1. Can you give the translational diffusion coefficient of segment B:1-44 in µm²/s, computed by Stokes-Einstein from the Kirkwood radius over Cα pairs at 4 °C and 1.567 mPa s?
2. Projecting each Cα onto the charge dipole of the protein assembly as shown (Lys/Arg +1, Asp/Glu -1 at the beta carbon, about the Cα centre), which of B:F49, A:F98, A:I13 comes out farthest on the positive side?
3. What are the ³J(HN,Hα) couplings of segment B:7-18, residue after residue, when phi is run through the Karplus curve with 6.51, -1.76, 1.60 and θ = phi - 60°? Round to Hz, x for glycine and proline.
4. What list of ³J(HN,Hα) values in whole Hz, one per residue of segment B:50-60 in order, does the Karplus curve 6.51 cos²θ - 1.76 cosθ + 1.60 (θ = phi - 60°) give from phi, with Gly and Pro shown as x?
5. Given H placed 1.01 Å from N in the peptide plane, which residues other than close sequence neighbours of B:L60 have an amide H under 5 Å from its amide H?
6. Under 26 Å Cα to Cα from A:K70, which lysines show up? Leave out anything in the same chain fewer than 8 places away.
7. Please compute the volume of the convex hull spanned by the alpha-carbon atoms of chain B and report it per residue in Å³.
8. How large is Rg over Rh for chain A, taking Rg from the Cα atoms and Rh as the Kirkwood inverse mean of 1/r across Cα pairs?
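Just so it is clear, none of the values below were taken in a lab; they were calculated from the coordinates. Quick caveat, the model's predicted, so the values are computed rather than measured. When we count neighbours, we look across all protein chains shown, and the Cβ atoms used for this are built from the backbone with ideal geometry, even at glycine.
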Amino acid sequence: TQLLEQSPQFLSIQEGENLTVYCNSSSVFSSLQWYRQEPGEGPVLLVTVVTGGEVKKLKRLTFQFGDARKDSSLHITAAQPGDTGLYLCAGEGAGNQFYFGTGTSLTVIP
Amino acid sequence: DTGVSQDPRHKITKRGQNVTFRCDPISEHNRLYWYRQTLGQGPEFLTYFQNEAQLEKSRLLSDRFSAERPKGSFSTLEIQRTEQGDSAMYLCASSLAAGAYSNQPQHFGDGTRLSIL
């Protein structure tokens, strides 16, 4: 059972465009993490957000945690081909379990 | 390399055989997680350890699956009498955590891809 729903599931855009990926849940999480995964490799952590309403920036990536700590968004400005990958959000819930989202597969076309 | 390592990277076996995977976490990390991931999906939680104690097990983990972390360092995941539905990527992650909600990130290995013929 996936507690976190991501949208869109697939996204194909031209280099230089902006995009936003959403991660939504009806559950409250103590923290939320975003990962990027390349084929054949494990997920690589991009950021952890902890406080409701928190905004973190990582170069061209902006991450926001919802005020109620139930949802999050990832915004990429001026996407590059190197941004291509599977983006995953994961929330830490009760019992120290991490619940992963359904994933967003991003393709940036040169 | 001081990251999480998993062995083997790939395993192909016939249905009905037993398989065992190994995970070596980052040395100072006290928590170790196992996940299963199928193509195009996010990882699904299987189980996790704090030191040598197995604290949570998912309902996904049938009685054919068993995990151990005998000395609180490396861990093994064994699948007995494999079925075709077991074909997936098995990921291990570790973190350093204390308290109920650690807010500490997990660091993942590159997984073991299991294919059942």
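1. Estimated diffusion coefficient is 101 µm²/s.
2. Final value for the positive-end residue is B:F49.
3. 9, x, 7, 9, 9, 10, 8, 7, 3, x, 7, 9
4. 10, 6, 8, 8, 8, 9, 9, 9, 6, 5, 5
5. Amide H neighbours of B:L60, under 5 Å, 5+ apart: none.
6. Output for A:K70: A:K56, A:K57, A:K59, B:K57.
7. 103
8. Computed over Cα atoms, the ratio is 0.96.
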